[in-house]
Each structure stands twice: as C-alpha cells, then as structure tokens.
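A short worksheet on the structure shown next.
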Amino acid sequence: MTACDPATETAEPFEADPHAERSRLLADLAQAYRLFGVLRWGELGDGHITCRDPLQPDHMWLLRYGVPFERASVDDLVLLAPDGTAADQQGRPATINNAAYHIHHPIHEARPDIGAAAHTHTQWGTPFSAERRMIEPINQEATCFFEDHALFDDGEVQVLSTDGGKRIAAALGDCRTVILANHGLLTVGASPADAVGWFVLAERVAEVQMKATRGIPISDEDARIAQRNLTEGDFGWILFGWAARRHLPHEFA
C-alpha cells in the first residue's frame, strides 16, 4: 500500500524497519516532486521538498539539481549532510539547490518532530506573501491554519546562509506553516506526503485570500471548531492522496 491511497487506508503507513521506511519515504518524496511539477510549480528550478532520513536523522533527502520536478524518480534523490555536502545513492558528489540547505536544514534541526518540509514559488502563495499578512478564517479551508501558521516578516528573500534559515525556523516555531515575506509559502509535516498535502491546501487558501479582498472572517470559536473537525487524523497525507490521484492518475492504473 502506498502512502497516497487513503481510499482504503485511514492513516499513513509506517515501516518499523528503517531501511523499509526509507524506501517508502523516498518513493513518496519523488512522487511529491512530480505533483509539484504537474501543478506547474518549480518550473524554473525554484523550490524544494526535503525528507528526514530514518537511518541518519540529521541528514535530509531532496532532488538533485537540474532534474525537472515532473520527471523526478527515486534514483534522482540525493542525501544532504549537516555540513551542506550532498551525495547520490552511489556515494558520488551531487549538486543541489543551495537554498534548500540554507532554509531546510535549520528547520529540520529545530523541529525534530517533523519529517519533511516543502517550499516553492506559486501563483498565489507568492503574491499573498508579498502582502505580509496572516491567513484570515474567511473560508472553510482557511480554518485549517487558524492559530497554526506564522509570518517570517523579513526582507531576506535570497537566503544566502543557514543564519537566514535559523530565523525562518524561529518564526515558524511549532506551527505547521510559515509565510515567507515577499517569497512564498513553506509547510512542514511528518512525511513528504503530509507536508505537501498541507502545501497544496495552503496554496488554495492563499488564492482565496487574494481574491476575497473584502472577506469577513468567522469567529475564533467557529474557526477552532472547524479546524478540529477538518484536521483529524493524518489530514495532510489524505490531502496528498487526493491530489496525487487527481493529477498523477497514471500512477494508480
């Protein structure tokens, strides 16, 4: 059972053997990149999805630089060490998008509870981030982020070192999502499927925020009720399954 078939599963699978769990996560990570690709995100190499390695938790997996997202395969994934060096699965040096290290490594380091982080520049998330404002509960999906997102209100859009990533991690705190001012959205989760499921939802919410310029928020109480009900269980993973089945139908033939 893959992690993107919640039609028959209600919780994300987990393999007790770390080698098997690594294989499962890498399959999902490659699929997550392909989903970004078919949604026309990261067409110019912008963005990155990282996954904590079950065998070496201070290491991350991500896509080798130069591979179009929609063509990502498990063989294209490389392992990123804490010092910023990357190697392919044969141990050879690999090239990565350095911003992935600068941004994601400090987040993974600060948040041992997460297994993945996702960021790219999108049609609605990036313009929304340019307004430097928080998500308001003006529609149902927006309540999922109520009191569970943050704003990195900083001018460093070109993150040149892990110092910038540390400031992003501090802004994120224990939230699931952070809006990077003038830059875009970033989500974290238990796994690549979980983080990307939340990212897809965040992009939809950003679109509503930008279009409904005179939206009237619901009450805090109603927002909390909706959030608790909507986000039960492995919500991000379930969202990922829906998105993958919709946009990557050939993978479920």
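Within the accessible area of the chain, the carbon and sulfur atoms contribute 51%, probe 1.4 Å, all protein chains present. Gain on full extension, evaluated as 0.36 nm per residue between Asp88 and Asp220 minus their Cα-Cα distance, stands at 42.8 nm. Computed about the Cα centre, the dipole magnitude for the chain is approximately 600 debye when only Lys and Arg (+1) and Asp and Glu (-1) carry charge, each at its Cβ. Considering only alpha-carbon pairs that sit under 8 angstrom and 6 or more positions apart, the relative contact order computed for the chain is 21 percent.
Computed with a 1.4 Å probe over protein heavy atoms only, the accessible surface of the chain comes to 46 Å² per residue. Go through Trp242, Gly165, Val188 and say which Cα lies farthest out towards the positive end of the charge dipole of region 111-253; charges sit on Cβ, +1 for Lys and Arg, -1 for Asp and Glu. In region 111-253, that residue is Trp242. A Förster distance of 22 Å, applied to the separation of the beta-carbon atoms of Arg132 and Cys175, puts the FRET efficiency at 0.85. A Förster radius of 25 Å combined with the Cβ-Cβ distance from Arg71 to Ser23 puts the calculated FRET efficiency at roughly 0.80. Computed over the Cα atoms of region 189-253, the ratio of the radius of gyration to the Kirkwood radius (Rg/Rh) comes to 1.06. For region 140-217, applying the loop criterion from DSSP together with a ceiling of 12 other beta carbons within 10 Å to the trypsin sites (Lys or Arg not before Pro) yields Arg214. Averaging Cα coordinates gives a centre for region 38-58 and one for region 174-253; these two points are 17 Å apart. Dividing the convex hull volume of the alpha-carbon atoms in region 117-226 by its residue count gives 96 Å³ per residue.
The values are calculated or read from the model by the stated rules, or taken from the named source; none is laboratory data. Model, not experiment: these values are computed from the prediction. All Cβ positions, glycine included, derive from the backbone under ideal geometry; neighbour counts span all protein chains shown. Note: accessible area is taken over every heavy atom of the protein model, side chains too, but ligands, DNA and RNA are not part of it. Shrake-Rupley method; radii C 1.70, N 1.55, O 1.52, S 1.80 Å.
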